1. Tilt of helix 244-262 relative to the longest C-alpha principal axis of the chain, in degrees (0 to 90, nearest 10)?
2. To test your reading of the geometry: what angle, between 0 and 90 degrees and rounded to tens, separates the Cα axis of helix 117-137 from the longest principal axis of the chain?
3. Mean projection of the alpha-carbon convex hull of segment 155-236 over all orientations, in nm²?
4. Could you calculate the contour length gain from GLN220 to THR172, that is, 0.36 nm times the residue separation minus the distance between their Cα atoms, to one decimal place in nm?
5. Within 10 Å of each candidate Cβ there may be at most 14 other Cβ atoms; applying that plus a DSSP loop requirement, which GluC sites (Glu not before Pro) in segment 1-91 survive?
6. By accessible area of protein heavy atoms, probe 1.4 Å, what ranking do VAL248, VAL131 get, highest first?
7. Among DSSP beta bridges lying fully in the chain, give the percent that are antiparallel, nearest 5.
8. Would you please give the residues with an amide H less than 5 Å from that of GLY193, counting only those at least 5 places away or on a separate chain, with H modeled from the backbone geometry?
Amino acid sequence: MPSETKFRVLALEMEAAISPAEAELMAQAIAAAAEDDYDLLLVRLDTPGGTVEAMRGILKAILNSTVPVAVWVGPAGARAASAGVFIVAAGHIAAMAPQTTIGAATPVGMGGEDVPETMARKAINDIKSMVRGMAQAHGRNVDWYMRAVEESDSITAQEALQLKVVDILASTPEQLIEAIGSRQKTLPGWESGFSAEEYAIEEFAPGWRYRLLAWLLNPQVAYFLLLGGMAGLFFEFVSPGAFFPGVVGGICLLLALYALSILSTNVAGILLLLLGLVFFFLELAFISHGLLSVAGILALFIGSAILFPAGPGEPGLPFATIVVTVGGVATILGFGVYLAAKAQVAKPASGREGLEGSIATVRHWRGKRGQVFAHGELWSARTADGSALNVGDTVRIQRVDGLMLTVERVESSAGVDRLD
C-alpha cells in the first residue's frame, strides 16, 4: 500500500443485542470519524435485535452523521434481525456477507411476547413509516421492508441483493470497500472511485462509558448485582453498624435496578426475589424451625428462573448460574439468620438483665441494706434473709427489682465466677 492513503475507513464492530450501550457506541464512533476526517464509518453488524429506544438513538446518529455510514452484515452466519433491519435500512451503504440473514422486524414485548392488538397496530404503523422513509431515501426495496415489519419476513443475503434490499454482496469488509472504490456504489465526493491500494481500514476502540454500560447491561451481571445487593442490605439489617455490607449492598442494588429497567425482565421474577428476602426477615421474627428459610430459597430460585424471559437472542439465565448463585446467597442469608437467632437467645452480658448471677463487692452496709459495686456501678442491695454483711464481702446477685439488688454472701472464692 502506498504511503499516502486516499480513502480512510473507521471500522466499528456491533455484535450484541441493541441496547443503550450500543447506542452510546455508535454515537462515539460517528463523533470520532467526524473529528478525525474519516471518509467512511463501516459498521460490522450481527444482532438479534433490541429495544426500540436504543434503536432510535442509533438511527438518529446515523441519519445525522456528516460521515457516510456503511452497514455490513457479516461475517458468514451473522444476522440483522428485528432492530438490525432498521440499522441496515439507515446505512448510506447496505451490504451483507454470503450465508447471512436479515428480517423479522415485527415489534414484540420486552419478554418476546406478542404485543396487544391496539398497541401493536400503533407500533407497527410508527416503525413502518420510519423504515419506509429510510428505504426510499437510499433507493431500496420499500415493499420488502414493509413485509419485514408486518409479516416478520426474513431472507438470505443472496435474496436481499436480488430484491434490492441491500446494495452489495461482499464476503469481507475489504471486498465491500473495494466495491465502493470501483464505483459499484457511489458515495458523495467519491464519484471518481479509488483503487484497492488506496484505502486503509482502522479499528475503532470503544471508550470506558461503553465498556461500563455493556458490562452493566449483561443479564448475568445485573442478576449478580441484584442478589448481592439484597444480601448486603440483609446483613446490614441483622448487624447494624457494620456499614460495609449496607454501603456495598445499596450500590449494587441501585446498579441492578438501573440495568433491570432497561433489560427485558419479568416483574413477577423481581417480586419473587423480594418475597424470598422477606421470608428470611420473617425467620428472624418468628420461630418456624427453618420453614420460612426454605420458602425463601424456593422463592429465590423460582424468581431467578423467570427473571429474564427467553426471547429472540435472549436465552435467559443459565440453569447452572441460577443454582450456584441462589445456593451462595441462601448460604449467606442463612448464616445471617443463624447469627441473629444466636444473639437473641444468648444470655445478656450487660445491663440489668446481665446482673443476675454475677458477682459484686460490698462497699457500704448498715443493718439489712447497703451498697454493692457491680458492673462498674454502685447499686442499692439487700439480703434475702435480712442478714448483715461486712464491707469487702463478696456476694452473688440473685435478682434485680428495679434499682434494688437482692444478694447472698459467697462463702468462699471457689464460688466466684468473676469480679466486677
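The values are calculated or read from the model by the stated rules, or taken from the named source; none is laboratory data. The structure displayed is predicted, hence computed values, not measured ones. Cβ sites come from the backbone with ideal geometry, for glycine too, and all protein chains shown count toward neighbours. Just the protein is used for accessible areas: all its heavy atoms, side chains included, with ligands, DNA and RNA removed. Shrake-Rupley method; radii C 1.70, N 1.55, O 1.52, S 1.80 Å.
1. 30
2. Once rounded, one gets 40 degrees.
3. The orientation-averaged projected area of the Cα hull of segment 155-236 comes to 9.6 nm².
4. Going from the current span to full extension adds 14.0 nm.
5. Counting only loop positions with at most 14 other Cβ atoms within 10 Å, the GluC sites (Glu not before Pro) in segment 1-91 are GLU4, GLU15.
6. Listed by decreasing accessible area, they come as VAL248, VAL131.
7. Taking every DSSP beta bridge within the chain, about 45 percent pair in antiparallel fashion.
8. none
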